[in-house]
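The values are calculated or read from the model by the stated rules, or taken from the named source; none is laboratory data. It should be emphasised that the depicted structure is a prediction, and the values quoted were computed from it without experimental measurement. Cβ: placed from backbone, ideal geometry, glycine included. Neighbour counts: every protein chain shown. Accessible surface areas use protein heavy atoms only, side chains included; no ligands, DNA or RNA. Shrake-Rupley method; radii C 1.70, N 1.55, O 1.52, S 1.80 Å.
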Amino acid sequence: MSLSMSALKCPRVSCVRASTQSCVRVSCTHKSSSSSSSSSSSAGPVAVSPLGALRGLGLGLVAVSCTPAIMASSLVNMVHPPAALAIPQTSICATEACDDNDYSGIDLAAKGEFFTKGSLKRAKFIKVKANAVNFFGADLTNADFTDADLSDANFGQANMNGVNLTNANLTNAIVSSARFENAIIDNTDWTDVIIRKDINNQLCEIAKGVNPKTGVDTRESLFCE
């Protein structure tokens, strides 16, 4: 179904602001609550996102009455998000093996590093800051993440067999279908991780200790019985 720009215009609202870096947000002011009255009542400026505005059509929520150029820009950003928000498909370590590399002590998050589908066997990540770093599909066999901050990191489908996660913080991390054969997870914090039930049960068989930074019991963070 196609939408014409004219169908999105409403005489009751007027655009007073359009801004933001990657997604246009429109602030509009309601001008009239009744079509039978010649007087106008005013409500405060309301920030309306393009998606919220479209959902509001037909539900009494006023949409936008800005120029077609602004509306078109909003729709483009919704359908094609900025490149900065896209998940990288591969990393340099996927084409050039990074096996045995030493990243210890580096703030990988600040450097914007990602290791999607990379080969990182035996790599050292001791005391790294890797919060929200992408390790999706990476081969991390026997890698060392001792004392690492891995909060919000993505380890979906990664090979983590033999990995050392002693004292690591994985709060809010995605580990989903990662493999953990012969992994060391002493004193790790798994609070609010996204993980498959069978893998969770596997980790519970070896889980022990308390994370020295967060004070969270490893077994409790995994809801082990």
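Between the amide H of ILE106 and those of LYS129, distances stay under 5 Å, these residues lying 5 or more places away or on another chain, with hydrogens modeled in the peptide plane. Note on surface exposure: PHE125, PHE136 rank PHE136, PHE125 by accessible area, highest first, 1.4 Å probe. Evaluating 6.51 cos²θ - 1.76 cosθ + 1.60 at θ = phi - 60° for every residue in segment 127-142, the Karplus couplings come out as 6, 7, 9, 10, 5, 6, 6, 9, 10, 4, x, 6, 9, 10, 3, 6 Hz, glycine and proline recorded as x. Peptides 142-151, 156-165, ordered by how many other C-beta atoms sit within 10 Å of their residues on average, highest first, read 142-151, 156-165. Net charge of the neighbourhood of ASP139, taken over other residues with C-beta under 11 Å away and scored Lys/Arg +1, Asp/Glu -1, is +3.
Residue by residue, segment 143-159 carries 3J(HN,Hα) couplings of 6, 10, 10, 4, 6, 8, 8, 10, 4, 6, 6, 10, 10, x, 6, 7, 8 Hz when phi is fed to the Karplus relation 6.51 cos²θ - 1.76 cosθ + 1.60 (θ = phi - 60°); x denotes Gly or Pro. Can you give me the long-range amide H partners of ASP139? Hydrogens built in the peptide plane at 1.01 Å from N, cutoff under 5 Å, separation of 5 or more residues or another chain. Distant-sequence amide H within range of ASP139: GLY118, SER119, LEU120, ASN159. What the phi angles of segment 164-179 give under the Karplus curve with 6.51, -1.76 and 1.60, with θ = phi - 60°, is a coupling list of 9, 10, 3, 6, 6, 10, 10, 3, 6, 6, 9, 10, 4, 9, 5, 9 Hz, glycine and proline written as x.
Close amide-amide hydrogen proximity is noted between ALA153 and ALA132, VAL133, ALA173, ILE174, each under 5 Å apart and 5 or more residues distant or on a separate chain (H modeled in the peptide plane; Pro and chain starts excluded). Averaged over its residues, segment 92-205 has an accessible area of 43 Å² per residue, based on protein heavy atoms and a 1.4 Å probe. Protection proxy ranking of 173-179, 187-193, 215-221, by the mean of other Cβ atoms within 10 Å over each peptide's residues and highest first, is 187-193, 173-179, 215-221.
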